[in-house]
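All of the numbers you see were taken from the coordinates with simple rules; none came from a lab. The structure displayed is predicted, hence computed values, not measured ones. Backbone-built Cβ (ideal geometry, glycine too); neighbour counts: all protein chains shown.
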Amino acid sequence: MSKSVLITGATRGIGLALAQKYVEDGDLVLVGTRDLNRGLDVVDELRADGGQARLLQIDLMDHGSVMQAGQWIGEQFGKLDLLINNAGVFDDHDIQASHEDSESLHQTFDVNVLGTYLVTQQMLPWLKAADDGMVISMSDELATFANFAASTPTTGLGQRISRMGVNAMTVLLQNELQGEVHFRAVTPGPIASNPARKGAPVATAVDLIQKIDQHKESDWDGKLIGADGVLPF
């Protein structure tokens, strides 16, 4: 049975690959992007072979656009089956925690935590209206206390604390809305999502996210999921 899927940051990398896969599976994909021109091109590509895709302008740094996106989904569909919080800032520069730039930290936190939260918050009424609504948010296995204790990291402060915020959000929202919406965080590991990054193929992340989507049992709710299953926070 087809479903409605909103993917933020859906015009490149993992987001684009997810959009292509869900359209291929017969689902309606809402292409979330702040770049309208690129978004229109992606929607045209997804529709080329008869796929269902709609463009949704949404900028995690523009709270007004997030609210408008939620209102539009409510008016157009009245429900949302799956929200994939894919858009985010990847802060991978090699700077010691004590020398981190405040502006970089501010932007990383605003996008990865506040932006992700606001998108999720605005979509909650429509996720609740779905039969089995789910939120899957991008996180990072490095953003756990278990990893800190094992590797004693000293860099990547912005990425780590922002993704820890996503993990906390996942747990708290799940505790509040148990039985109404599934909330999960995902860590696919290093992915070669653009030419400058090294890692596994983008398909690795897509397969993992779809596996999480298809796992409807509650044992993964409020958890961080990696390739080998649930990871400790």
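Here are a few things to note about the model shown:
- Set of aspartates and glutamates with alpha-carbon distance to Lys223 below 20 Å, sequence-local pairs under 8 removed: Asp81, Asp132, Asp140, Glu141, Glu176, Glu180, Asp207, Asp213
- Considering only alpha-carbon pairs that sit under 8 angstrom and 6 or more positions apart, the relative contact order computed for region 20-65 is 42 percent.
- Residues Asp101, Asp140, Asp81 arranged by fewest to most Cβ contacts within 10 Å: Asp101, Asp81, Asp140
- Cross-link pairs exceeding 18 Å in C-alpha to C-alpha distance, out of Lys21/Lys79; Lys21/Lys198; Lys3/Lys211; Lys3/Lys128, comprise Lys21/Lys79; Lys21/Lys198.
- The chain - Debye-derived log10 I(q)/I(0), Cα point model, q = 0.14 Å⁻¹: -0.86
- With the cut-off at under 14 Å, measuring from each backbone N in region 115-135 to a point 7 Å along the Cα-to-Cβ line of Lys79 picks out 125-134.
- Shown is the FRET efficiency for Ala48 and His106, computed with R0 = 35 Å from the Cβ-Cβ distance and rounded to the nearest 0.05: 0.30.
- Residue-averaged [θ]222 nm for the chain, counting only DSSP H segments that reach four residues, each worth -39500 (n - 2.57): -13500 deg cm²/dmol
- Volume in Å³ per residue [convex hull over Cα atoms, computed for region 1-131]: 112 Å³
- Rounded to the nearest 20 debye, the dipole magnitude of the chain is 100 debye, with +1 charges on Lys and Arg beta carbons, -1 on Asp and Glu beta carbons, and the Cα centre as origin.
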